[in-house]
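Undergrad: Dumping the structure here so I can ask a few things about it.
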Amino acid sequence: MTYPYDPNNPYYQAPSPYGTGYPQLPRNNGMAIASMCVSLAAIFTCYGALLVGPIGAILGHVSMREINRDPQAYTNRSMALTGIIVGWSLFAVWALLITFVVLAATGVLGPALQGEFDS
């Protein structure tokens, strides 16, 4: 009986001095995918965008840090960037809209706008 790594075995091949296998291909960062999905889901949650938008943006920032740490390992930098931009923009739009409504309802912006809320 011959062993698989026996040099006397005619089917034995010596290991290659140049390394074995194929080079590792870049993969997707799961947190970048989650960032984009959560931020895009915030579009459809209306007031939830105040809570869900920053979560997607923060996930995007964390994944961008991982991608920047090892750029050859990950390929989806654009997904992380999409999550950051969409998350913070939705948060800003809804925060400004709610601030405007509160200021208009309290009369800070003028009595004409406050009259619209009273009726």
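Undergrad: Grab the beta carbon distance between R69 and L97, set R0 = 25 Å, and tell me the FRET efficiency rounded to 0.05.
TA: E between R69 and L97, to the nearest 0.05, is 0.10.
Undergrad: Still on this structure, I have one more. At a threshold of 8 angstrom on Cα-Cα distance, excluding pairs fewer than six apart, so keeping six or more, what relative contact order does the stretch 54-119 reach in percent? Mind dumping the intermediate values first?
TA: Working: 42 pairs, mean separation 19.5, N = 66.
Reported as a whole number, the value is 30 percent.
Undergrad: Sticking with this one: To the nearest 0.05, what FRET efficiency results for L51 and A112 with a Förster distance of 25 Å applied to their C-beta separation?
TA: Efficiency for this residue pair is about 0.15.
Undergrad: Are there chymotrypsin sites (Phe, Trp or Tyr not before Pro) in the stretch 17-109 that DSSP marks as loop and that have at most 13 other Cβ atoms within 10 Å, and which are they?
TA: In loop regions of the stretch 17-109 (DSSP not H, G, I, E or B), the sparsely surrounded chymotrypsin sites (Phe, Trp or Tyr not before Pro) are Y18.
Values in this text are rule-based calculations from the coordinates and carry no lab data. Values in this document were obtained by computation on a predicted structure and should not be read as measured data. Reconstructed Cβ throughout: ideal geometry from the backbone, glycine too, with neighbour counts over all protein chains shown.
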